[in-house]
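Comments concern the structure below.
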There are 2 protein chains.
Amino acid sequence: MAADAGAPGTVRPGGRTAQVRAAVLRAAGDLLSESGFAGLDLADVARRADVGRTTVYRRWGTPTGLVADLLRDMAEQSLPRTETGSLRGDLRENALLVQRTLSDPRQGPLFRAVIAAAACDRRTSAALHRFYATRIAEWAPCVVAAVARGEAPEGTDPAEVIRAVSAPLYYRMLASGDPVDEAAAVRAAEAAAAAARAGAYADPTGEGQDRP
Amino acid sequence: MAADAGAPGTVRPGGRTAQVRAAVLRAAGDLLSESGFAGLDLADVARRADVGRTTVYRRWGTPTGLVADLLRDMAEQSLPRTETGSLRGDLRENALLVQRTLSDPRQGPLFRAVIAAAACDRRTSAALHRFYATRIAEWAPCVVAAVARGEAPEGTDPAEVIRAVSAPLYYRMLASGDPVDEAAAVRAAEAAAAAARAGAYADPTGEGQDRP
C-alpha cells in the first residue's frame, strides 16, 4: 500500500504497521457500510481485522478517530482525475466517478454513514471536509485548463465548478431521495459546464451579468 | 394553527388536539436542534411540551414517528413561493429561502439532525423525501411559467431545476463544509438559471446538445 507512505504511525510502505492499518480500515469500512456509525465498535473492528484489540484502541482510540483515519485513507487511495480535453468531458468523468461511488453497494452506505456521523460530531465533520477538499483540489485543474482553452470566462472559480458537479448527486442521495443514476450524473455535469460557460461561477456575488 | 386543518388526528383548527400537536412538535424540533436525533426522547418531549407522557407515546409511538409528523408539519407550514416575473428572480428567492433556513440557528441543526437520522432509518428517509417532494412541487410552477415566457426551452424538467438550486447549499452544509451564505445562494440560483436557459435540464440523458 504505497499510498500509506508518510501516514502517521506508518513504519514503511507494505510493512507490518501498514498491513495492520489496511486490515483495520477495511474492517471499519465494512462495519460502517453494514450497520452505520452506531455499529462501529472497536472490539468488533479488531476481531474482523484479526488484529489485537489493544493495538486498535491504542492507535485509533475511538470510533471517531477511526473514521477520521479512514477518510484520510480514502482521500489518499481515491482515483486521479481523467483528462478528456474538454470541460464537458472532464466534468462528465468526474460526475460518473461520484455517481459510481455513491451507488456502489459498499461505498454508498459507507458515505451515508460517515456523513450522518459528521452531522453529529465536529471531529468527523472536519475529517469529512478534508476529504472533499482533497477531491476538489484533485479535479479543480480541469477547470483551470478549460479557462485557458477559452471554454469558461476568466475568473471562474474552479472549486465551485467541481462542487456543482457533485452537489446534485449528494442532494439526491441525502435529501430528495431521487435516484443517483447515470442520467443524473450526466445532467449534473452538463448543467455545471453550461453554467460555467455562461459565467455563473466567475463572480462571487452572481451580480454583473447582463441578463433579463 | 390553520395549517393543521385536515392533518390526521386533528379535531379542528386551534382545538385542543391541534394545540397539543403544536406544542409537541415544537418541543421535538427544539430537542432535535439542540442534541440531534439521539437526544429525541419522548418523555423529554412530553415534559417540555407540558403534555401527558401517555398522550405522546399513544399518538406518536416512537422518535421516528414523531420526526415523520414533524416533517409533515414543516411541509405544511413552509412558505409559499414568491413570484418575481423572471426565472432568475424566482430561483434567487428560492435559493435565499433555503439558505436562510439552513443557516438559521434552530432550523439548520434541525435539518442536519433529521438528514442524519434519515441516513440510518427507512421511515425517516421516506418522510424526508415527502418533505422535499412537497417543497419541489411548491416551486416547480415558476419553471413552467419561465418556459411559457421563453426563458428556458420546451421540455425543461421543472423539478430538476428546483433541485439544482438547493443542491449546492445542501452539499456545502453536509459534505464539503463550505459556508452556506447569501453569495452561495445567489450563485446556486444563477447557475441553475444559466443551465436551464442552455437546455441542460431539457433532456434526461444530457445528450443531443451540439456543444464542443
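Quick look at the values:
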read-out: Residue match in the stretch B:137-146 (condition: buried (at least 18 other Cβ atoms within 10 Å of the Cβ), β-branched (V, I, T), modelled with pLDDT of 95 or more and closer than 19 Å to A:A164 by Cβ); value: yes
read-out: Subset tally (residues that are farther than 18 Å from A:R135 by Cα, at the interface with chain A (Cβ under 7 Å from one of its Cβ atoms) and touching a residue at least 60 places away in the same chain (Cβ under 8 Å)) for the stretch B:167-188; value: 1
read-out: Within the stretch B:189-208, considering residues that are more than 7 Å from chain A (Cβ to nearest Cβ) and surrounded by fewer than 24 Cβ atoms within 10 Å (Cβ to Cβ), the one modelled with the lowest pLDDT; value: B:G208
read-out: Extreme residue, farthest from the chain's Cα centre (by Cα), among residues of the stretch B:38-59 that are farther than 27 Å from A:F37 by Cα and among the hydrophobic types (A, V, I, L, M, F, W, C); value: B:V51
read-out: Any chance B:E151 is among the charged types (D, E, K, R), within 9 Å of chain A (Cβ to nearest Cβ) and farther than 30 Å from A:F37 by Cα; value: yes
read-out: Matching entry among B:T124, B:T84, B:T134, B:T101 (being farther than 29 Å from B:A194 by Cα and assigned by TED's automatic domain parsing to the domain that holds B:A196); value: B:T124
read-out: Residue within the stretch B:10-17 that is among the hydrophobic types (A, V, I, L, M, F, W, C) and assigned to a helix (DSSP H, G or I) present; value: no
read-out: Output for the stretch B:123-148, where each listed residue is more than 19 Å from B:A75 (Cα to Cα) and within 11 Å of chain A (Cβ to nearest Cβ); value: B:A146
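The values are calculated or read from the model by the stated rules, or taken from the named source; none is laboratory data. None of the values given here were measured: they were computed from a predicted structure. Quick reminder, even Gly has a Cβ in these numbers, built from the backbone with ideal geometry, and neighbours come from all protein chains shown.
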